[in-house]
Amino acid sequence: MFKFLKKWLGFSNVIEQNEEDLMKKFLIVGLGNIGEKYNNTRHNIGFKVLDHLAEKESISFETVKLGDLSKLKIKGRTLVLLKPSTYMNLSGKAVKYWLEKEKVPIENLLIVTDDLNLPFGTIRLKTKGSDGGHNGLKDIQEKLQTTKYNRFRFGISDAFSKGRQIDYVLGKWNDEENVKLDERLNTSIELIKSFVLAGVNNTMNQFNGK
C-alpha cells in the first residue's frame, strides 16, 4: 500500500532520481602531506596528480574543512577533488568526512596514492586490498571500516638502500623521473576520467600496467 502511495504521489520517481544523481558524483582524493617542504616529493604524488588535473581543466582549489577542495563537471558527472590537510597518517578523517558530506557512494570513491612496490610511473587501479604498509591507506581503512574502496596506485619504485625508506619517499623526484613525470601525469588524468565515465572494470582493463 505504501509503495503504491509513493508511486501515485510521485515519491518513487524523486527517490530514483536522487539515487541516480548520487551515482553521478565521485570523490577523488589525492594523498599527500601539506607544507612547502613536501612539495614535489614522491609521497605527494596524489596531490600532484590532482593539481595537474586542476591545471589542465583551469579550476582551482579552495581551502575547506580538513583539506583543499575543487569540483569539476565532466559529461554530467561531478568530480569532487580533495587534497586532505590532515597529513598522510590521518587521511581517513578527511576522506570519511567528505564522503559523507557530499553523499558520495563508496563505490565512487577513488584514492590516488604512491606505491613503493611498483616501478616508477607504473599505474594500477584496484577495487580492494590491504594497506600494503602505507599509513595513509591504513588510516582510510580504519576510518571507513573496509578494505573495499578503489585505489589508484602510482609507482615510485623502491630504489633506496636499507634504512633509507623515509628519506626516499619524502625525497624529491630525480632528474630522470622529472623528464618522464609529465607524460605519466597526463596518463593519470586519463585514468581518472575513464574511472568516472567508463567504470572501474573497463578502466582497469585499459590502464593497469601502462
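The values are calculated or read from the model by the stated rules, or taken from the named source; none is laboratory data. This is a predicted model, so every value here is computed, not measured. Cβ coordinates were reconstructed from backbone atoms using ideal geometry, including for glycine residues, and neighbour counts include every protein chain displayed.
Within segment 196-210, can you find the residues that are in a helix (DSSP H, G or I) and surrounded by 13 or more Cβ atoms within 10 Å (Cβ to Cβ)?
Just the residues of segment 196-210 that are in a helix (DSSP H, G or I), to begin with: 196-198, 200-207.
Hits for segment 196-210 are Val196, Leu197, Val200, Thr203, Met204, Gln206, Phe207.
Take segment 117-142 and flag every residue that is surrounded by 14 or more Cβ atoms within 10 Å (Cβ to Cβ) and either in a helix (DSSP H, G or I) or in contact with a helix residue (DSSP H, G or I) (Cβ under 7 Å, 6 or more places away or on another chain) (or both).
The answer is Phe120, Gly121, Ile123, Leu125, Asp131, Asn135, Gly136, Leu137, Lys138, Asp139, Ile140, Gln141.
I'd like the full set of residues that are of a type in the set (A, V, I, L, M) and more than 22 Å from the chain's Cα centre (by Cα), limited to segment 167-180.
So the first thing to find is which residues in segment 167-180 are of a type in the set (A, V, I, L, M), and the list is 169-170, 179.
Answer for segment 167-180, where residues must be of a type in the set (A, V, I, L, M) and more than 22 Å from the chain's Cα centre (by Cα): just Val179.
Can you tell me how many residues within segment 160-195 are part of a loop (DSSP other than H, G, I, E, B) and in contact (Cβ under 8 Å) with a residue 12 or more places away in the chain? Steps first, please.
From segment 160-195, those part of a loop (DSSP other than H, G, I, E, B) are 160-164, 170-171, 173-174; that's our starting set.
Those left that are additionally in contact (Cβ under 8 Å) with a residue 12 or more places away in the chain: 170-171, 173.
Within segment 160-195, residues that are part of a loop (DSSP other than H, G, I, E, B) and in contact (Cβ under 8 Å) with a residue 12 or more places away in the chain number 3.
Scan segment 98-120 and tell me whether some residue there is in contact with a Pro (Cβ under 9 Å, 6 or more places away or on another chain) and under 15 Å from Asp68 (Cβ atoms).
Yes, segment 98-120 contains a residue that is in contact with a Pro (Cβ under 9 Å, 6 or more places away or on another chain) and under 15 Å from Asp68 (Cβ atoms).
Taking only segment 32-61 into account, find how many residues are free of Cβ contacts under 8 Å to residues at least 12 places away in the same chain and in contact with a Ser or Thr (Cβ under 7 Å, 6 or more places away or on another chain).
Qualifying residue count, segment 32-61: 1.
Just a yes or no: is a residue in segment 63-76 within 22 Å of Glu177 (Cβ to Cβ), touching a residue at least 12 places away in the same chain (Cβ under 8 Å) and either buried (at least 19 other Cβ atoms within 10 Å of the Cβ) or touching a strand residue (DSSP E or B) at 6+ places or on another chain (Cβ under 9 Å) (or both)?
Restricting attention to segment 63-76, the residues satisfying the condition of being within 22 Å of Glu177 (Cβ to Cβ) are none.
No, the conditions are met nowhere in segment 63-76.
Filter segment 162-210 for residues that are among the hydroxyl-bearing types (Ser, Thr, Tyr) and touching a helix residue (DSSP H, G or I) at 6+ places or on another chain (Cβ under 6 Å); which is nearest to Tyr149 (Cα to Cα)?
Once the filter is applied, the top-ranked residue is Thr203.
Output yes when any residue across segment 75-92 is more than 18 Å from Glu190 (Cα to Cα), in contact with a helix residue (DSSP H, G or I) (Cβ under 8 Å, 6 or more places away or on another chain), in a strand (DSSP E or B) and not β-branched (Val, Ile, Thr), and no when none is. Talk me through it step by step, then tell me what you get.
Quick first cut of segment 75-92, residues more than 18 Å from Glu190 (Cα to Cα) only: 83-92.
Applying the additional criterion that residues be in contact with a helix residue (DSSP H, G or I) (Cβ under 8 Å, 6 or more places away or on another chain) yields 83-86, 88-92.
Next cut, in a strand (DSSP E or B) only: 83-84.
Checking the rest, the ones that are also not β-branched (Val, Ile, Thr) come to 83-84.
Yes, there is a match, as at least one residue in segment 75-92 is more than 18 Å from Glu190 (Cα to Cα), in contact with a helix residue (DSSP H, G or I) (Cβ under 8 Å, 6 or more places away or on another chain), in a strand (DSSP E or B) and not β-branched (Val, Ile, Thr).
Restricting to segment 1-51, count the residues that are at pLDDT 95 or above, in a helix (DSSP H, G or I) and aliphatic (A, V, I, L, M).
So the answer is 3.
From the list Asp131, Asp158, exactly one residue is modelled with pLDDT under 95 and closer than 21 Å to Leu110 by Cβ. Which is it? Talk me through it step by step, then tell me what you get.
On the way: Asp158 fails: closer than 21 Å to Leu110 by Cβ.
One residue alone meets the criteria, Asp131.
Out of the residues in segment 103-116 that are in a loop (DSSP other than H, G, I, E, B) and either within 15 Å of the chain's Cα centre (by Cα) or without any contact (Cβ under 8 Å) to a residue 40 or more places away in the chain (or both), which is nearest to Asp51 (Cα to Cα)? Outline the logic, then answer.
Within segment 103-116, the first condition is being in a loop (DSSP other than H, G, I, E, B), and the residues that meet it are 103-105, 116.
In the following step, the residues that additionally are either within 15 Å of the chain's Cα centre (by Cα) or without any contact (Cβ under 8 Å) to a residue 40 or more places away in the chain (or both) were identified as 104-105.
On the way: Val104: 21, Pro105: 24 Å.
So, considering only residues that are in a loop (DSSP other than H, G, I, E, B) and either within 15 Å of the chain's Cα centre (by Cα) or without any contact (Cβ under 8 Å) to a residue 40 or more places away in the chain (or both), the one nearest to Asp51 (Cα to Cα) is Val104.
If I filter segment 159-176 for residues that are under 19 Å from Leu81 (Cα atoms) and buried (at least 18 other Cβ atoms within 10 Å of the Cβ), do I get at least one hit?
no
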